[in-house]
1. Please determine whether any residue of region 220-235 is over 29 Å from Y38 (Cβ atoms) and at pLDDT 80 or above.
2. If you scan region 115-141, which residues turn out to be surrounded by fewer than 17 Cβ atoms within 10 Å (Cβ to Cβ) and under 27 Å from the mean Cα position of the chain (by Cα)?
3. Considering each residue of region 23-33, count those that are outside any strand (DSSP E or B) and open to solvent by less than 50 Å² (accessible area, probe 1.4 Å), and give that number.
4. Would you pick out the residues in region 36-90 that are part of a loop (DSSP other than H, G, I, E, B) and either open to solvent by less than 10 Å² (accessible area, probe 1.4 Å) or under 19 Å from E173 (Cα atoms) (or both)?
5. Looking at L346, L352, which is the one that is part of a helix (DSSP H, G or I), more than 33 Å from the chain's Cα centre (by Cα) and modelled with pLDDT of 75 or more?
6. Check region 60-69 and report whether any residue there is more than 26 Å from the chain's Cα centre (by Cα), of a type outside the set (D, E, K, R) and at pLDDT below 90.
7. Return yes or no: is V151 modelled with pLDDT of 95 or more and under 27 Å from the mean Cα position of the chain (by Cα)?
Amino acid sequence: ETAAALVTRSFGRLQAEDTGIEPEGVWTVSVAIPDARYPDRDAVVGFYDRLVERVEALPGVRRAAVTGGIPLTFAGWTSQVVARDWDPGRVAHEVRHRASTPGYFEVMGVPVLAGRAFEPSDGRAPPYVAVVNEAFVDAHFGGAPALGRQVTFDREPDENSVWRTIVGVVGSERQATLSQPAAPEVWEPFPQDWGANRTVVLRTTGDPETLRDALAAALGDVDPAVPLGRLRSMEEVVRLASADARFLSLLFSLFAGLALALAALGIYGVTAQVVRQNVPEFGVRMALGADGGAVVRMVLGRTLWLAGAGVAGGSVVALLGAGTMQSLLYSTAARDPLAFSVAPVLLLVVALAAAWWPARRAARVEPV
């Protein structure tokens with residue numbers, strides 16, 4: 001019971017975590033274009049520009065964009081990052097990277113905290129720009145203003161290094177899983193970090209049932225030979241991100257429910273047997289003036305004492321073995337006071353409920 005309480009509490013905290021996005025009404029669809037038909041950057045970027053324009057013209061679509069990866073399913077890449085104003089030798093390691101067209105942050109509901117998001121003018125040619133998330137600013141700039149600072153992805157910058165000016169700071173998304181905090185991330189305009197296999201994201205108020213057909217028609221207008229990939233909502237992505245934790249919580253809850261049922265059945269059987277064995281005692285007590293309420297309290301008291309002893313012993317064992325649960329928990333201590341309080345109280349309540357009917361039978365014993 002304690003383990004189930006711990007896992008359920010952990011799952012509740014995981015579900016309450018802020019993903020950094022607003023998934024309601026957001027849909028994603030993967031698109032893969034053949035290299036033979038789109039061999040270079042101009043061809044790829046042109047294709048996706050036309051596709052976004054066509055998708056945004058669909059009824060019910062408020063905004064659309066192209067990105068290299070969506071939250072909670074990180075598919076980007078990582079590198080070192082160096083800021084121009086850092087001391088020599090200072091490097092930020094394993095910084096995540098993603099690229100998008102203008103409109104991505106608006107589609108996902110990611111706030112722009114400072115500066116601006118990408119614009120159509122952020123194209124293939126210099127000046128090169130970048131947007132960083134809040135986690136990057138906190139981790140590598142110490143929370144100091146980031147706008148206007150320049151970064152490169154070269155570990156040891158030289159005269160050939162490409163420097164990107166930070167033009168915006170956005171909120172941090174959970175990139176990989178709900179249980180992992182947002183990592184520092186650098187965003188680049190899609191024309192500066194392009195690729196053939198990308199994801200189209202769109203915020204819509206339309207009917208999801210007709211959305212796929214409309215998207216297929218829009219893609220067919222751009223290039224009939226390119227197939228439409230899997231369409232799914234960001235709400236589904238968020239649910240899948242917590243699927244393992246949900247299954248674990250359900251599994252522990254089922255076993256806890258089974259344990260409670262067995263405990264209740266056992267306590268009922270034992271209490272009923274004890275009542276039958278002590279019928280003469282109850283009769284004598286009632287003949288000497290005890291009322292039915294006193295007999296009920298006596299039976300329940302004995303049951304509560306025995307159940308309390310068992311719960312105390314079980315709580316000690318649970319405390320000693322709690323450390324083995326820590327790897328299964330999120331933001332919850334293995335010896336969480338609330339979980340260790342709820343489980344004993346629940347067991348005692350079940351014990352009293354199971355003993356109630358036999359106690360009532362004892363109270364109806366005829367003194368004669």
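The values are calculated or read from the model by the stated rules, or taken from the named source; none is laboratory data. Model, not experiment: these values are computed from the prediction. Counting neighbours? That spans all protein chains shown, and the Cβs are built from the backbone with ideal geometry, glycine included. These area figures cover heavy atoms from the full protein model, side chains too; ligands, DNA and RNA do not enter into them. Shrake-Rupley method; radii C 1.70, N 1.55, O 1.52, S 1.80 Å.
1. Checked region 220-235: at least one residue is over 29 Å from Y38 (Cβ atoms) and at pLDDT 80 or above.
2. D138, A139
3. Summing the residues that are outside any strand (DSSP E or B) and open to solvent by less than 50 Å² (accessible area, probe 1.4 Å) in region 23-33 gives 3.
4. G68, G69, I70, P71, L72, T73, F74, A75, G76
5. L352
6. Yes: one or more hits.
7. Judged against the criteria, V151 is not a match.
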